[in-house]
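Visitor: Before I ask anything, let me first share the structure, which is written out below as structure tokens.
Readers should treat all values here as calculations from the given coordinates under stated rules, not as data from a laboratory. Worth saying up front: this structure is predicted, and the values here are computed from it rather than measured. Cβ sites come from the backbone with ideal geometry, for glycine too, and all protein chains shown count toward neighbours.
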Amino acid sequence: MRPHPSEQRPRVLVSWIGRTDLNAASGKAEVGLGPIAQALKVRAFDRVLLLCNYPPEECESYRLWAARHVQTAIELEPVELSSPMHFGEIHEAVTGAIARLSERLGPETRLTFHLSPGTSAMAAVWIILAKTRYGAELIESSREAGVKTAVIPFDLSAEFIPAVYRQADRELMRFGAGLADTAPAFSDIICRGPAMREVIARARRVAARSVPVLIEGESGTGKEMLARAIHRASPRREQPFIAVNCGALARELAASELFGHQRGAFTGATQNHAGYFEAASGGTLFLDEIGELEPDLQVKLLRVLQEGEVVRLGTTSARPIDVRLIAATNRTLAAEVAAGRFRPDLFFRIAVALIRVPPLRERQGDFRALAEYLLDRLNRDSAEDPGWEPKRLAPAALNRLARHAWPGNVRELANTLTRAALWSHGPVIGEAEVVEALLELPAPEAAGSADLLGRSLDRGVDLPALMRELAAHYLGRALEQCGGNKSRAARLLGLPSYQTLGNWLERYGVEPR
């Protein structure tokens with residue numbers, strides 16, 4: 001009989017090492033085994049991750065002592081805290097440690113957080129993360145009561161939102177010198193967290209200028225929405241915005257669609273046709289999935305951008321155009337250039353302003369506001385439907401949504417909310433409806449690894465280019481996640497020091513933001 005899927009998921013206990021645990025390891029009989037070892041004696045775990053902010057020699061001594069009492073594999077994560085009551089540092093240490101653990105064991109790891117060891121601030125962070133991000137079990141232990149599951153009788157994240165987020169909902173912060181206090185063109189884009197605030201800041205700066213913009217980001221992150229906002233905030237706002245999906249252009253007709261043709265230029269060309277460039281003249285042309293263009297079209301596109309004119313198929317007459325180009329791709333075009341799939345001269349021509357839209361899983365601070373915005377939009381769009389009842393999310397449902405990986409990003413979230421609203425029988429969407437509406441797919445990281453590791457060797461591979469792509473990707477992500485702090489980024493990447501990180505940054509040409 002095959003085990004249930006949940007039984008195959010590794011169970012991991014994550015805990016801070018407390019002073020009582022250290023006293024137990026030093027032989028003080030009055031404290032017994034201490035909270036951690038007591039829990040390991042009565043609960044079965046596949047692995048233990050211990051965070052320790054005490055001197056390294058004490059931490060290692062405890063790990064060795066605990067390993068003699070239990071058969072479970074024990075990992076130690078030394079942590080430097082300016083204070084054991086500093087909520088921000090505790091939160092950063094915990095989420096970073098769990099992220100590294102999940103990369104090794106997979107996203108389906110079943111987590112248990114131990115509340116008893118450590119300070120009250122550490123326990124508070126465990127509760128917040130368990131209820132809002134990880135869906136972890138909470139346990140506590142004592143010599144008198146033994147080990148038991150801690151019951152927290154409310155859904156924390158949805159009902160107790162920090163004041164800083166409520167303030168961000170009411171005010172649009174100024175993003176830099178010379179920017180207006182309001183930006184109505186970007187008002188539909190949720191940007192509560194630092195990642196999207198930086199994206200909007202860059203988009204607002206570039207909107208007033210006619211330089212080409214390249215927007216990179218995973219599918220479903222809202223690249224076209226950002227491009228339209230840039231157009232609406234630009235001096236060209238009254239002129240056309242023409243959107244073209246390059247991946248949907250038929251190969252034999254792509255040049256005609258982009259640049260136009262004269263009657264008789266080819267079989268079926270029965271009349272003159274203005275291409276997308278001419279249609280967008282004076283306004284903005286948005287080329288989505290530009291990385292899908294064939295090499296011959298890349299050459300023609302480069303010439304149009306260089307000369308500021310198009311030549312229709314079937315004629316030699318050039319027609320001047322005035323177009324602001326915004327391109328988008330779900331690939332990393334620099335890597336495509338390194339692999340020989342995209343022209344470097346075209347890349348540098350279109351990437352004058354490069355904006356990377358973060359995936360939903362990296363948009364800390366945005367999720368709750370984004371989910372509520374999408375549900376409000378669904379309620380407005382469905383208001384005239386027969387029998388429609390406005391929907392709202394129960395706290396537990398919102399928490400369950402927040403724990404999903406969202407490989408399809410904002411588009412997947414919008415579709416999931418639509419399904420959950422359809423399955424719900426009353427005005428409140430509960431956790432059960434959300435679970436039924438979610439479509440579980442492999443994590444994006446797994447798919448990326450398969451792409452890097454599973455390439456054919458029939459025509460050879462550019463190993464240095466692959467290594468540059470991988471290193472640059474994780475170096476940039478680590479720096480962004482750590483706010484530019486090189487010491488923390490080095491720890492995230494398993495590098496011994498910030499000096500070593502600096503050497504890697506220089507070697508792979510990654511500029512700290």
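Visitor: Provide the packing ranking of 319-326, 393-400, i.e. peptides ordered by the mean count of other C-beta atoms within 10 Å per residue, highest first.
Guide: Averaged packing, sorted descending, gives the order 393-400, 319-326.
Visitor: Go through the chain and flag any cysteine with no other cysteine's C-beta closer than 4.7 Å, please.
Guide: Cys191, Cys246, Cys482
Visitor: Kindly express, to the nearest 10 degrees and within the range 0 to 90, the angle between helix 463-481's C-alpha long axis and the longest C-alpha principal axis of the chain.
Guide: 70 degrees
Visitor: Also, I was wondering about something else. Would you tally the net charge around His114, using a Cβ to Cβ cut-off of less than 11 Å, leaving His114 out, and scoring K and R as +1, D and E as -1?
Guide: Around His114, the charge tally is -2.
Visitor: Return the FRET efficiency for the residue pair Trp388, Ala432: r is the Cβ-Cβ distance, R0 is 30 Å, and the value is rounded to the nearest 0.05.
Guide: With a Förster radius of 30 Å, E is 0.90.
Visitor: Right, another one. Please list the non-local residues whose amide H lies under 5 Å from the amide H of Leu138, H modeled 1.01 Å from N, same-chain partners needing a gap of 5 or more.
Guide: Phe113, Ala150
Visitor: Straight distance only, please: which lysines reach the Cα of Lys131 with their own Cα at less than 27 Å, same-chain residues fewer than 8 apart left out?
Guide: Answer for Lys131, where 27 Å is the Cα cut-off: Lys41, Lys148, Lys391, listed by chain and number.
Visitor: Can you work out the Karplus-derived ³J(HN,Hα) for every residue in the range 75-87? Use 6.51 cos²θ - 1.76 cosθ + 1.60 with θ = phi - 60°, whole Hz, and x for glycine or proline.
Guide: Values, residue by residue: 9, 10, 10, x, 9, 9, 10, 5, 7, x, 10, 7, 4 Hz.
Visitor: Next question, about the same structure. Nearest 10 degrees, 0 to 90: what angle lies between the long axis of helix 498-507 and the longest principal axis of the chain (Cα atoms)?
Guide: It works out to around 20 degrees.
Visitor: Once label points are set 7 Å from the Cα along Cα→Cβ at both Glu103 and Ala73, what is their separation, rounded to one decimal in nm?
Guide: That separation, rounded to one decimal, is 1.7 nm.
Visitor: As a footprinting exposure proxy, order Trp406, Trp388 by other Cβ within 10 Å, with the fewest listed first.
Guide: Going from sparsest to densest Cβ surroundings: Trp388, Trp406.
Visitor: Can you pull the one-decimal nm distance between simple spin-label points at His91 and Val211, each 7 Å off the Cα toward Cβ?
Guide: 3.4 nm
Visitor: Rounded to the nearest 5, what % of the DSSP beta bridges within the range 5-153 are antiparallel ones?
Guide: 20 percent
Visitor: Same structure again: Sort 212-222, 254-264, 375-385, 425-435 for me by packing, meaning the mean count of neighbouring Cβ atoms within 10 Å per residue, highest on top.
Guide: 212-222, 254-264, 425-435, 375-385
Visitor: Which lysines have a Cα lying under 27 Å from the Cα of Lys223, excluding residues fewer than 8 positions away in the same chain?
Guide: Lys300
Visitor: Moving on. Can you list the residues, at least 5 places off or on another chain, whose amide H is less than 5 Å from the amide H of Leu393, using H built in the peptide plane?
Guide: Result for Leu393 returns Ile429.
Visitor: Hey, for a label at Asp322 modelled as a point 7 Å past Cα toward Cβ, could you say which residues of the range 181-218 have their backbone N under 19 Å away?
Guide: It comes to 207-213, nothing else.
Visitor: What is the range 20-154 by shape, rounded, prolate or oblate, if you read a ≥ b ≥ c off the alpha carbon gyration tensor as root eigenvalues and call it rounded for a/c under 1.5, prolate for a/b larger than b/c, and oblate otherwise?
Guide: It is rounded, given that a/c, with a ≥ b ≥ c, falls under 1.5.
Visitor: How far apart, in nm, are two points set 7 Å out from the Cα along the Cα-to-Cβ line at Gln306 and at Lys148?
Guide: 7.7 nm
Visitor: Divide, for the range 296-387, the radius of gyration over alpha carbons by 2.2 N^0.38 Å, where N is the residue count.
Guide: Cα Rg divided by the expected 2.2 N^0.38 Å: 1.69.
Visitor: Could you list Asp345, Asp21, Asp288 so that the one with the fewest beta carbons within 10 Å of its beta carbon is first and the one with the most is last?
Guide: Going from sparsest to densest Cβ surroundings: Asp345, Asp288, Asp21.
Visitor: Let me ask something else. Under the rule of at least 5 residues apart or a separate chain, name every residue whose amide H is placed under 5 Å from the amide H of Glu75.
Guide: Distant-sequence amide H within range of Glu75: Val48, Leu49, Leu50.
Visitor: For semi-axes √(5λ) of the Cα gyration tensor in Å, several values are listed as [x] 50, 27, 22; [y] 38, 25, 23; [z] 35, 28, 24; flag the one computed from this structure.
Guide: [x]
Visitor: I would also like to ask the following. Quick one: what are the phi-derived ³J(HN,Hα) couplings along the range 40-50, Karplus 6.51/-1.76/1.60 with θ = phi - 60°, whole Hz, x for glycine and proline?
Guide: Values per residue, Gly and Pro as x: 5, 6, 10, 10, 9, 10, 7, 7, 10, 10, 10 Hz.
Visitor: Let me ask another. What list do you get for Thr20, Thr315 if you sort them by fewest beta carbons within 10 Å?
Guide: Going from least to most buried by this count: Thr315, Thr20.
Visitor: Right, next: Could you tell me how far the Cα centroid of the range 22-69 sits from the Cα centroid of the range 249-267, in Å?
Guide: The distance from the Cα centre of the range 249-267 to that of the range 22-69 comes to 72 Å.
Visitor: If the cut-off is a Cα-Cα distance under 16 Å, which aspartates and glutamates reach Lys486, setting aside same-chain residues fewer than 8 apart in sequence?
Guide: Counting by Cα, and skipping residues close in sequence, Lys486 has these aspartates and glutamates nearby: Glu80, Glu89, Glu92, Glu506, Glu511.
Visitor: Based solely on its DSSP helices, what 222 nm [θ] is calculated for the chain when runs of n ≥ 4 H residues each add -39,500 (n - 2.57) and the sum is averaged over all residues, nearest 500 deg cm²/dmol?
Guide: -13000 deg cm²/dmol
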